Amino acid sequence: MPKLIDHESRREEIAAAAWRVIVRDGVAGASVRTVAAEAGLSVGSLRHVFASQSQLLAFAMRLVIDRAGERVRALPRAQTPLKSAEAIAGELLPLDEDRRLEMEVYLALFSASGSDPNLQETKQDAWKRVRTTCRIIIDQAVGADANDPAANPGPADHTDRTVRIETEVILLHAVIDGLASHLVWQPAELKPHDARRALIEHLHQMQARLSESSVGIPEVPHRTGDATMTQPTALQPTAVVFDLGNVLIGWDQTGPLADRMTLDEWYDFAAEADFGMLNTLADRGVPITEVIAQAAESDTRHGEIVAAYYDRFDLSLTGPVQGMAELVAELKASDVRLLGLSNWSAETFHHAPKVAPAINELEDIVVSGREKLIKPDPEIFHLLSRRFDLVPEQTVFVDDLPANIAAAEQLGFIGLLFTDARQLRDDLTGLGLLASPATVEN
């Protein structure tokens, strides 16, 4: 895992260099060669991280949005819903030098996306994330009236309420985009304190309009980290993404050679050969033949053991994780979207659904070995979101490794660390995805 963390840090360092070049020389000047020089790297070293200028610029653009998302999630809980809305909205404006640099880069890349498919895809993803944040801001702004019976009209007014809220979302998005572009392009005409005052005034007027229209937002549970709290929000989770190994299906690396090696012998081998690293290579999509060859470089016996492990890989799978098949069935019956995201070799994945049939109940699965990406790299989460049109803030991610949960939460997903089916059931019930036992009995 340290190598992966270093790799991600290097990507961000290169992206920061690209930002500096874009601000200084424009997008046209941000070639692989000029960015490499700015980062103090050779062109070959940069291409080892980003295969093309298109990939580099798309990552640089996405990093702007990720940084804004991190700031929003780090905000302390405000005293009032409106203050919370003001704080979140304020993080989307370039009100200081760091955010001004980010916004200048974002607007330059947004305008230059043209026909570049990587930039076009990233631009669309960024637009969706800002639009989702605008909905969250509006939920916060009207939250003060959420418990007022008069603010919650009956079913006959539901359509009108939805249209009014959506109109306010569009207006807020336009106001934020307009203020941000003026702050970057006309800094002499619009000062940060004036932009912030204008934004706050818009939020106050918006709250008044929605209150007059008797528009209320029901409360649903919202989970942040390990704390569950109730906040006004219309963004109830709609999808659950499961890790597979030791979440839906048991995995024990000692199983394939249990009849040939004692546990002590296996763990001695695993330490000497760095089995964790070899397994990660396979999960990344490196052909198993190459993984075996790499193991054999230090000791031919290591290569033989790794070859035997993969020949008998099915013996590493211990069966369905207790209680999870039933949980998957209940979620599916409740029309919750169910997906998978697993670090797994493409060459051995075919064994999994046979051992844990609940895997077949998932809509689809992103397998790291097929994508040549691996958790906790943010890129595999971005791929998941794009491929299945997921809104991270409405998507629960379940994994048994804290590092993967942390990576998902940094991107806005609702992370749940898996320990057992009982705890997961409680967590999903708290999020409103499953009915509580009392509700079922009633």
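The values are calculated or read from the model by the stated rules, or taken from the named source; none is laboratory data. Just so it is clear, the model here is predicted, and its values are computed rather than measured. In this analysis, Cβ positions are derived from the backbone assuming ideal geometry, glycine residues included, and neighbour counts consider all displayed protein chains. Protein only, heavy atoms only, side chains kept; ligands, DNA and RNA dropped before computing areas. Shrake-Rupley method; radii C 1.70, N 1.55, O 1.52, S 1.80 Å.
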(message) Take residues that are at pLDDT 90 or above and of a type in the set (A, V, I, L, M, F, W, C) and tell me which of the strands (runs of 3 or more DSSP E) falling wholly in the stretch 204-284 contain 3 or more.
(response) 239-242
(request) Output the qualifying pairs, or none if there are none: Cβ atoms under 7 angstrom, residues six or more apart or on different chains, first residue in the stretch 230-242 and within 16 Å of Asp335 (Cα to Cα) and open to solvent by 20 Å² or more (accessible area, probe 1.4 Å), second residue modelled with pLDDT of 90 or more and in a strand (DSSP E or B). (result) Thr238/Arg337
(request) Pull up the stretch 83-100, narrow it to residues that are more than 22 Å from the chain's Cα centre (by Cα) and among the basic types (Lys, Arg), then point me to the one that is most open to solvent (accessible area, probe 1.4 Å). (result) Lys83
(message) For the stretch 8-120, give me every one of the helices (runs of 4 or more DSSP H) that falls completely inside it and has 2 or more residues that are basic (Lys, Arg).
(response) 53-73, 97-112
(request) Could you check how many residues of the stretch 177-193 are touching a helix residue (DSSP H, G or I) at 6+ places or on another chain (Cβ under 9 Å) and part of a helix (DSSP H, G or I)? (result) 9
(message) Looking at the stretch 335-358, can you tell me whether even one residue there is part of a helix (DSSP H, G or I) and within 30 Å of Val130 (Cα to Cα)?
(response) no
(request) Test Ala150 against the criterion of being open to solvent by 40 Å² or more (accessible area, probe 1.4 Å) and modelled with pLDDT under 80, and give yes or no. (result) yes
(request) Check Val130, Val163 and return the single one that is modelled with pLDDT of 85 or more and either under 23 Å from the mean Cα position of the chain (by Cα) or assigned to a helix (DSSP H, G or I) (or both). (result) Val130
(message) Within the stretch 61-82, does at least one residue satisfy the condition of being touching a strand residue (DSSP E or B) at 6+ places or on another chain (Cβ under 9 Å), more than 25 Å from Leu383 (Cβ to Cβ) and open to solvent by 20 Å² or more (accessible area, probe 1.4 Å)?
(response) yes
(message) Looking at the structure I just gave you, is Leu119 within 18 Å of Leu190 (Cβ to Cβ) and not charged (D, E, K, R)?
(response) no
(message) Residues that are within 21 Å of Ala58 (Cβ to Cβ) and touching a residue at least 12 places away in the same chain (Cβ under 8 Å): does the stretch 341-360 have at least one?
(response) yes
(request) Mind listing whichever residues of the stretch 167-176 are in contact with a helix residue (DSSP H, G or I) (Cβ under 7 Å, 6 or more places away or on another chain) and either open to solvent by 30 Å² or more (accessible area, probe 1.4 Å) or not in a helix (DSSP H, G or I) (or both)? (result) Val175
(request) Please state which of the following conditions Arg99 fails to meet, knowing it meets all the rest: (1) modelled with pLDDT of 85 or more; (2) touching a strand residue (DSSP E or B) at 6+ places or on another chain (Cβ under 9 Å). (result) (2)
(request) Output the qualifying pairs, or none if there are none: Cβ atoms under 6 angstrom, residues six or more apart or on different chains, first residue in the stretch 171-194 and over 19 Å from Ile136 (Cα atoms), second residue assigned to a helix (DSSP H, G or I) and open to solvent by 40 Å² or more (accessible area, probe 1.4 Å). (result) Val184/Glu104; Leu190/His182
(request) Just give me the residues in the stretch 391-403 being surrounded by 21 or more Cβ atoms within 10 Å (Cβ to Cβ) and either out of contact with any helix residue (DSSP H, G or I) (no Cβ under 7 Å at 6 or more places or on another chain) or part of a strand (DSSP E or B) (or both), in sequence order. (result) Thr395, Val396, Phe397, Val398, Asp399
(message) What's the total number of residues in the stretch 341-390 that are among the polar types (S, T, N, Q) and either open to solvent by 50 Å² or more (accessible area, probe 1.4 Å) or over 29 Å from Gln120 (Cα atoms) (or both)?
(response) 3
(request) Quick one: in the stretch 285-302, of everything that is more than 25 Å from Arg370 (Cβ to Cβ) and part of a helix (DSSP H, G or I), which residue is most open to solvent (accessible area, probe 1.4 Å)? (result) Glu297
